[in-house]
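First the structure, in the form of structure tokens, and then the observations on it.
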Amino acid sequence: MERNAQVRSDVPVRRYQTEGGARIVADLGATVADASVEVLGDVALVVVERADGEDRQFEIDLPTGSLADTFIRNGILTIEVNEA
């Protein structure tokens, strides 16, 4: 397990190896009012709007040539990466 998943932010991110890929988990925090994630090639772009109205944006590098499913629940972003 890697503690840092090549993220360009101070958001805590962990990467876990799974059969056929990886699971990347980021704690967006308890003060998240809204969040979105978009995967573009080998980068996941994350935009977080906090309850105080402050917006944050950061990127998480993904393995090249991989397929990714993303979801956010209770302030936790999970990216399931299936390496092709």
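Would you confirm, using the coordinates I've provided, whether residue 29 is in a loop (DSSP other than H, G, I, E, B), exposed (fewer than 11 other Cβ atoms within 10 Å of the Cβ) and not acidic (Asp, Glu)? Against the criterion (in a loop (DSSP other than H, G, I, E, B), exposed (fewer than 11 other Cβ atoms within 10 Å of the Cβ) and not acidic (Asp, Glu)), residue 29 does not qualify.
The single condition among (1) part of a loop (DSSP other than H, G, I, E, B); (2) modelled with pLDDT of 90 or more that residue 69 does not meet is (1). The set of residues in segment 63-80 that are open to solvent by 30 Å² or more (accessible area, probe 1.4 Å), of a type outside the set (A, V, I, L, M) and under 14 Å from residue 30 (Cβ atoms) comprises 73, 74.
Quick check on residue 23: is it in contact with a Lys or Arg (Cβ under 8 Å, 6 or more places away or on another chain), surrounded by 12 or more Cβ atoms within 10 Å (Cβ to Cβ), farther than 14 Å from residue 76 by Cβ and of a type in the set (D, E, K, R)? I'd like the intermediate steps shown before the answer.
On the way: in contact with a Lys or Arg (Cβ under 8 Å, 6 or more places away or on another chain): yes; surrounded by 12 or more Cβ atoms within 10 Å (Cβ to Cβ): yes; farther than 14 Å from residue 76 by Cβ: no; of a type in the set (D, E, K, R): yes.
No: the conditions fail for residue 23.
Of all residues in segment 37-62, those being touching a residue at least 24 places away in the same chain (Cβ under 8 Å), within 14 Å of residue 76 (Cα to Cα) and either open to solvent by 60 Å² or more (accessible area, probe 1.4 Å) or assigned to a loop (DSSP other than H, G, I, E, B) (or both) number 0.
The values are calculated or read from the model by the stated rules, or taken from the named source; none is laboratory data. In this text, all values refer to a predicted model and were calculated from it rather than measured experimentally. Counting neighbours? That spans all protein chains shown, and the Cβs are built from the backbone with ideal geometry, glycine included. We work out accessible area using only protein heavy atoms, side chains counted, and drop any ligands, DNA or RNA first. Shrake-Rupley method; radii C 1.70, N 1.55, O 1.52, S 1.80 Å.
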